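Structure record follows, encoded as structure tokens.
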Amino acid sequence: MAVNFTINGETKSFHGDPRASLLDVLRDQYRLTGAKSVCGEGFCGSCTVHVNGAPIMSCLKPIGMLEGADVVTIEGLAKLDDLNPVQQAFEDFDVVQCGMCFPGLVMSLTEFLNGNPTFDRDSVKSAMTGNICRCTGYERIIDAVMSLQAHSSSKAEARQ
Amino acid sequence: MQADTERDLGAKFINACNLDEAMSTLAALGNTAIPVAGATWVMRSKARGETNDKTFVSLSGIEQLNQITWDDHQLSIGSMVTHDALVKAVAGKKDLVCLSQAAGSSANPAVRRMATIGGNICSLGFFASDLVPALACLSAFVEVQSPSATEQIPLLDFLPRRADLSAGQIVTRFVIPRTNNASSHARLLMRKAGEYPMVNLSASIALDDSGKVATACIIVGSVEDQAKRWSGLEKALLGCVLSQTDIKSIASIHLDEFVGRDGVDAPGWYRKRVLPKVAAQAMDTIVSAFGGAT
């Protein structure tokens, strides 16, 4: 069985065991190691990627369910010299420590900002429920996201 | 439809295109295959110390199982509807608040986009489901189809039977009668979110013309291996004005009908200890829903 899908805009055809997790396929087959293999149970969020625009836990998604899907990983979210707003805010606020949780956090929070032009600290925390960080204590992460409030509002106005 | 040759050659993953194909494939493959909904339970097999080399028969492509339909009398929810989709579908319905609260607080946002109502109910060994007490207090029926028959079973009656579903039987939808009740769902975790609840509770209450409790259905989950009705508290609340009732004290008198299960998250005695507080939280929500009229 071949599973045909796209990763970061590139067409792929996977011919291995379709019960393998998307996370294992991304890391082992395609060497996209931005998504991390940590808890393996969908609790920590380090494996978060976008499938058809929605953040999901790639450790829990069998590759066989992704026929025709559009997968975006942290590597494909933005260019290295043109970071997306969440990535830039994290850099500006100097919040990254060990780096294990941040790809997943960026994936979750990018989608959160796309759907929420206005937000408060509590809603940011809710959006981060599935992303565990053991280093930072979270507050500076939330500060960084809150700094994007104006950016997110102006994007929403531009769409209108 | 995938070629029969793939099935014959021991394909490890089959994307069923329709319900008939899913049922016939599962029946043909017997105990060498399993139906797969959102996959969030089966993909954690290794973490549970289980080996699983069975063929996955994915139900994700069956449109019929993703449908949510309403009429004046009932809500029908396809078994492949995700938690996330369920929250959006039932928003604003007073009698279904317990369902939106349960579906909207389970796990975390990413898992809620993947995990289905059918998979949640059918996962054996999962004691902390939020959807089970919510559906049970709404008197939900589980519809099970096989090539030869369709059966609708009250949810609490279905739970002990789910391990005995035969190959080819699939849970297709959940049917919930609509009422004028108010409902709510409360849960207690070690942290604020993102974990299985140590205790959860759903309640559905109807009032009489004087604002007193006419009927009460209270289902407790996660305290024991299977969710069950809190009969003592239900009887004790009949005829009460909820806002004038010390729910926590009354609930404390009726704890003996539970045998708390010990788990890595909490011992059984602790689950029972906190249960009255969780009951009080659920009833506060219901009082608000009735506008303080009880």
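The values are calculated or read from the model by the stated rules, or taken from the named source; none is laboratory data. For clarity, every value in this text was computed on a predicted model and none was experimentally measured. We place every Cβ from the backbone using ideal geometry, glycine too, and count neighbours over all the protein chains shown.
Of the candidates B:285, B:245, the single residue that is more than 24 Å from residue B:99 (Cβ to Cβ) and surrounded by 17 or more Cβ atoms within 10 Å (Cβ to Cβ) is B:245. The residue list A:61, A:79 contains one member that is over 19 Å from residue B:192 (Cβ atoms) and either buried (at least 16 other Cβ atoms within 10 Å of the Cβ) or over 17 Å from the mean Cα position of the chain (by Cα) (or both), which is A:61. Condition (residue is touching a Cys at 6+ places or on another chain (Cβ under 8 Å) and either of a type in the set (S, T, N, Q) or within 17 Å of residue B:185 (Cα to Cα) (or both)) applied to the stretch B:220-241: is it met by at least one residue? Yes, the stretch B:220-241 has at least one match. Residue count for the stretch B:128-143, restricted to those that are more than 8 Å from the chain's Cα centre (by Cα) and of a type in the set (Val, Ile, Thr): 1. Give the residue, chosen from B:157, B:72, B:95, B:84, that is outside any helix (DSSP H, G or I), over 11 Å from the mean Cα position of the chain (by Cα) and surrounded by fewer than 23 Cβ atoms within 10 Å (Cβ to Cβ). Being outside any helix (DSSP H, G or I), over 11 Å from the mean Cα position of the chain (by Cα) and surrounded by fewer than 23 Cβ atoms within 10 Å (Cβ to Cβ) holds for just one of B:157, B:72, B:95, B:84, which is B:72.
Scanning the stretch B:155-195 for residues that are among the hydroxyl-bearing types (Ser, Thr, Tyr) and at pLDDT 95 or above turns up B:172, B:179, B:183, B:184.
Just one of the numbered conditions (1) touching a residue at least 60 places away in the same chain (Cβ under 8 Å); (2) surrounded by fewer than 24 Cβ atoms within 10 Å (Cβ to Cβ); (3) touching a Leu at 6+ places or on another chain (Cβ under 7 Å) is not true of residue B:212: (3). Counting only helices (runs of 4 or more DSSP H) that sit wholly inside the stretch A:64-142, those with at least 1 residues that are away from chain B (no Cβ under 13 Å), out of contact with any helix residue (DSSP H, G or I) (no Cβ under 6 Å at 6 or more places or on another chain) and in contact (Cβ under 8 Å) with a residue 60 or more places away in the chain are A:74-77.
Residues of the stretch B:218-245 that are of a type in the set (S, T, N, Q) and over 25 Å from the mean Cα position of the chain (by Cα): B:243, B:244, B:245. Flag not set for residue B:58, criterion: on the phi < 0 side of the Ramachandran plot, within 14 Å of another protein chain (Cβ to nearest Cβ), in contact (Cβ under 8 Å) with a residue 60 or more places away in the chain and of a type outside the set (Phe, Trp, Tyr).
Restrict the check to the stretch B:198-215 and report whether at least one residue is closer than 30 Å to residue A:122 by Cβ, modelled with pLDDT of 95 or more and assigned to a loop (DSSP other than H, G, I, E, B). Looking for residues that are closer than 30 Å to residue A:122 by Cβ, modelled with pLDDT of 95 or more and assigned to a loop (DSSP other than H, G, I, E, B), one finds at least one in the stretch B:198-215, hence yes. How about the stretch B:239-294: which of its residues are assigned to a loop (DSSP other than H, G, I, E, B) and aliphatic (A, V, I, L, M)? Across the stretch B:239-294, the qualifying residues are B:241, B:255, B:259, B:264, B:266, B:293. Cβ-Cβ contacts under 9 Å between residues 6 or more apart (or on different chains), taken from a first residue in the stretch B:36-48 that is more than 7 Å from chain A (Cβ to nearest Cβ) to a second residue that is part of a helix (DSSP H, G or I) and of a type in the set (S, T, N, Q), are listed as B:37/B:120; B:38/B:120; B:41/B:120.
Could you look through the stretch B:12-27, keep only residues that are in a helix (DSSP H, G or I) and touching a residue at least 40 places away in the same chain (Cβ under 8 Å), and pick out the one that is nearest to the other protein chains (Cβ to nearest Cβ)? Out of the qualifying residues, it is B:22. Evaluate the following for residue B:43: is it out of contact with any helix residue (DSSP H, G or I) (no Cβ under 7 Å at 6 or more places or on another chain), outside any strand (DSSP E or B) and at pLDDT 95 or above? The answer is no for residue B:43.
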